[in-house]
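Visitor: Got a structure for you, written out below as structure tokens; questions coming shortly.
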Amino acid sequence: MGLLLAVDRRIVDGTVDLRAGRWEKKKYGDARGLLGSTMGILGLGSIGLEVAQRARAFGIEVRALAKRGRSTDVEERAADLRIDMADSLPELLASCDIVSLHLPSGKDTAGLVDDEFLGHMKRGSILLNTSRGDIVDEDALIRALDDDALRAGLDVYADEPGSGQAEWTSKLAQHPRVVATHHIGASTEQAQQAIAAGVVEIIDAFVQGEMRNCVNLTPSRIGSVTLTVRHLDRIGVLARVLDRLSHARLNVEHMENQIFRGGDAALATIDVAGSVSGDLLAELGALPDVLGVSATTIDGTE
């Protein structure tokens, strides 16, 4: 939002002129304004939704791409913010005065903002990128800027330095129709404290047995058989079960143990890789404090 305001009101150029002793009120009083404009947000994750909320507070209409598979929480938040959904990227770009990028870097997004992308944008519109530099084809963007087709507010660049301080020259960052900052989107004391608090929250949850925000879990169950073990909640019961599985050379892929109300009984579900024999089921069922054992293949057959 800071970049957007700076681009719209030409705050940087105005500051430079004032520092040089030039009073140009007439020149800098000529601005379109943001009320009633439309912002297209690409990447409707947590950051994109926060930007949408702030844009709405400025009287800006918000659009995004319709997408299958969004979580219920995202869909509900988008509905609360009255975000209109476009069916295609060209439709979205052509309808927006501002386009804000909030996408991850990857093979599907590298060079996304190319000549074709920029050609769909309204003439005179504003492009904002605070996500990743390689999403933008910088040569294509420079061509659009040179043509006076649009303006840009950028915090990230394709070849930006990896250190906190360096000698670096960027034709894009130096362009007169660009407001540029030093990849500092999250570089505030409040943001760093929030990150630290988030890390502590994740660790606390892990200590309690909950894994939050996992990005590398297998998308589906990878074991062969699920064992369901009904047992009394006693010390050593599951240790004995796992010992038998070890002797049978069955690797445990996933395990969950649920204690029933009252604390007397429990149900363990154990996904294992391999074949479970009838003899092994009988052996597990005969263990002390085990009430019963059944096996189901991952595809659902007994």
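The values are calculated or read from the model by the stated rules, or taken from the named source; none is laboratory data. Worth saying up front: this structure is predicted, and the values here are computed from it rather than measured. Counting neighbours? That spans all protein chains shown, and the Cβs are built from the backbone with ideal geometry, glycine included. Accessible surface areas use protein heavy atoms only, side chains included; no ligands, DNA or RNA. Shrake-Rupley method; radii C 1.70, N 1.55, O 1.52, S 1.80 Å.
Visitor: Pairs, please: C-beta under 9 Å, at least 6 apart or cross-chain, first residue in contact (Cβ under 8 Å) with a residue 12 or more places away in the chain and within 17 Å of residue 5 (Cα to Cα) and in segment 158-187, second basic (Lys, Arg) and open to solvent by less than 90 Å² (accessible area, probe 1.4 Å)?
Guide: These pairs meet every condition: 177/151; 178/151; 179/10; 179/151.
Visitor: Condition first: farther than 18 Å from residue 292 by Cβ and part of a helix (DSSP H, G or I). Now tell me which residues in segment 233-265 satisfy that.
Guide: 239, 243, 246, 247
Visitor: I've got another one for you. What residue, of 173, 152, 140, is open to solvent by less than 50 Å² (accessible area, probe 1.4 Å), assigned to a loop (DSSP other than H, G, I, E, B) and at pLDDT 95 or above?
Guide: 173
Visitor: OK, next. Just one of the numbered conditions (1) in contact with a helix residue (DSSP H, G or I) (Cβ under 7 Å, 6 or more places away or on another chain); (2) within 25 Å of residue 187 (Cα to Cα) is not true of residue 141; which one?
Guide: For residue 141, the exception is condition (2).
Visitor: Using the structure shown, decide if residue 7 is under 22 Å from residue 131 (Cα atoms), touching a strand residue (DSSP E or B) at 6+ places or on another chain (Cβ under 7 Å), open to solvent by 50 Å² or more (accessible area, probe 1.4 Å) and part of a helix (DSSP H, G or I).
Guide: No: the conditions fail for residue 7.
Visitor: While we're here: How many residues, within segment 112-130, are surrounded by fewer than 23 Cβ atoms within 10 Å (Cβ to Cβ), of a type outside the set (D, E, K, R) and assigned to a loop (DSSP other than H, G, I, E, B)?
Guide: 3
Visitor: Output the qualifying pairs, or none if there are none: Cβ atoms under 6 angstrom, residues six or more apart or on different chains, first residue in segment 119-132 and β-branched (Val, Ile, Thr), second residue open to solvent by less than 60 Å² (accessible area, probe 1.4 Å).
Guide: Correct list of pairs: 126/7; 126/98; 126/151; 130/155.
Visitor: Shifting gears a bit: Within segment 18-35, is even one residue basic (Lys, Arg) and within 30 Å of residue 110 (Cβ to Cβ)? Outline the logic, then answer.
Guide: Taking segment 18-35 and keeping what is basic (Lys, Arg), we get 19, 22, 25-27, 32.
Those still in the list that are within 30 Å of residue 110 (Cβ to Cβ) too: none.
Checked segment 18-35: no residue is basic (Lys, Arg) and within 30 Å of residue 110 (Cβ to Cβ).
Visitor: Something else about it: Is it the case, given these coordinates, that residue 199 is modelled with pLDDT under 95, open to solvent by less than 60 Å² (accessible area, probe 1.4 Å) and of a type in the set (A, V, I, L, M)? I'd like the intermediate steps shown before the answer.
Guide: Numbers: modelled with pLDDT under 95: yes; open to solvent by less than 60 Å² (accessible area, probe 1.4 Å): no; of a type in the set (A, V, I, L, M): yes.
No: the conditions fail for residue 199.
Visitor: While we're on this one: Looking at (1) within 22 Å of residue 208 (Cβ to Cβ); (2) modelled with pLDDT of 90 or more; (3) open to solvent by less than 50 Å² (accessible area, probe 1.4 Å), which is the only condition residue 263 fails?
Guide: With (1) within 22 Å of residue 208 (Cβ to Cβ); (2) modelled with pLDDT of 90 or more; (3) open to solvent by less than 50 Å² (accessible area, probe 1.4 Å) applied to residue 263, the lone miss is (2).
Visitor: Can you tell me which residue is surrounded by the most Cβ atoms within 10 Å (Cβ to Cβ) among those in segment 266-302 that are part of a strand (DSSP E or B) and among the small types (Gly, Ala, Ser)?
Guide: Step one: filter segment 266-302 for residues part of a strand (DSSP E or B), giving 266-273, 290-297.
So of that shortlist, the ones also among the small types (Gly, Ala, Ser) come out as 266, 268, 273, 292, 294-295.
On the way: 266: 19, 268: 19, 273: 14, 292: 12, 294: 14, 295: 21.
For segment 266-302, the residue satisfying everything is 295.
Visitor: When you scan segment 82-96, do you find a residue that is over 28 Å from residue 191 (Cβ atoms) and of a type in the set (Ser, Thr, Tyr), even just one?
Guide: Taking every residue of segment 82-96 in turn, at least one turns out to be over 28 Å from residue 191 (Cβ atoms) and of a type in the set (Ser, Thr, Tyr).
Visitor: Please work out which one of (1) over 35 Å from the mean Cα position of the chain (by Cα); (2) open to solvent by less than 80 Å² (accessible area, probe 1.4 Å) is the condition residue 230 fails and give its number.
Guide: For residue 230, the exception is condition (2).
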